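Every number here is computed from the coordinates shown, using simple stated rules; none is lab data. As the structure is a prediction and not an experimental result, all values here were calculated from the model. Here the Cβ positions follow ideal geometry from the backbone for every residue, glycine too, while neighbour counts run over all protein chains shown.
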Amino acid sequence: MESLEIKKELEMSYMELVNYLLKKYGPAKYDYFCNESCKSKNSKVSRTKEGLYCHHIDEDKAIMLSNDKFAIHNPFEYQKASRLVYCNVLEHLILHIKIVEEPKNRNANPLELQGIGGAVCFLCPQINDYFNGYNFKQQYLINIFSLISNNFNDYIEILRYFLNVLEQNPLYKNIITKEKLSIGWNNQIIKKVYDSI
């Protein structure tokens, strides 16, 4: 993955990016959960051995669809293989940013803020820790971050883009700051990230 590709992906709409990633990595072959009870994740859906996350395309309508407690309250159609897309961790962040950037999907669950939680509370702290030198122990995370080991500048470009998106949003602009985007899991600002944005 290189800077030109990141720039291209940042210029795409959410659905353009989804379609681009479907072509790049191929479609999912399995549903995310084994059945409609959403109790057990289908292990065959994972591609973390290749360093790829699985993203629910319908997260522009509903939050935390990989979490059984949230998934069960949404249509099972959202868990179908045809509604999943693979991505590396930076592309996963861009997908969530695109959800935040675009007008709310007309079929979105009311009283939910789609896209933002996954970006700010999950992906950014994880990526910040990685670029701060944290050594992940879980093999799947080692695989995921091996794909972006040389992409610090691309990550900073994505965060700058994200800050601009947040500035345009009256709901987020005063809450989600440069400091907030620069913290790791321990809630400490990662200076290297903060100073580079």
Fill in: Inter-centroid distance (Cα atoms) of the range 2-60 relative to the range 141-188, Å
20
Worksheet item: If you bin every alpha carbon distance in the range 129-180 into 5 Å steps from zero, what whole percent lands in each bin?
Response: 4, 17, 21, 17, 15, 14, 10, 2
Worksheet, complete the sentence: Largest first and rounded to whole Å, the semi-axes √(5λ) derived from the alpha carbon gyration tensor of the range 99-153 read 29, 12, 10
Response to the item:
With Rh as the Kirkwood radius over Cα pairs, the chain has Rg/Rh of 0.94
Worksheet item: Counting other Cβ atoms within 10 Å, which trypsin sites (Lys or Arg not before Pro) in the range 79-125 have at most 14 and lie in a DSSP loop?
Response: R106
Practice prompt. Using the Karplus curve 6.51 cos²θ - 1.76 cosθ + 1.60 with θ = phi - 60°, work out ³J(HN,Hα) for each residue of the range 187-197 in order, rounded to whole Hz, and write x for Gly and Pro.
Written response: 6, 9, 5, 8, 4, 4, 6, 4, 5, 8, 5
Worksheet entry | trypsin sites (Lys or Arg not before Pro) restricted to the range 21-74 and DSSP loop, no more than 13 other C-beta within 10 Å | K29, K39
Fill in: Gained length - S13 relative to Y30, 0.36 nm times residue gap less alpha-carbon distance
3.6 nm
Worksheet item: Given the pairs K39/K137; K24/K80; K61/K173, which span a C-alpha to C-alpha distance of over 24 angstrom in this model?
Response: K39/K137
Worksheet item: Is any residue of the range 150-180 close enough, with backbone N under 12 Å, to a label point placed 7 angstrom from the Cα of N132 along the Cα-Cβ axis, and if so, which?
Response: 180
Worksheet, complete the sentence: The percentage of Cα-Cα pairs in the range 1-90 separated by more than 23 Å is 24
Discussion item. Quick check: pseudo-label points 7 Å beyond the Cα along Cα→Cβ at S3 and N186, how many nm apart are they?
Written reply: 3.2
Worksheet entry | Kirkwood hydrodynamic radius (C-alpha pairs) into Stokes-Einstein, the range 46-99, 37 °C and 0.692 mPa s, D in µm²/s | 285
Discussion item. Cross-link candidates for K192: which aspartates and glutamates have Cα within less than 17 Å, leaving aside residues fewer than 8 places away along the same chain?
Written reply: D129, D154, E157, E179
Worksheet item: Given labels modelled 7 Å from the Cα in the Cβ direction, how far is it in nm from K44 to T177?
Response: 5.0
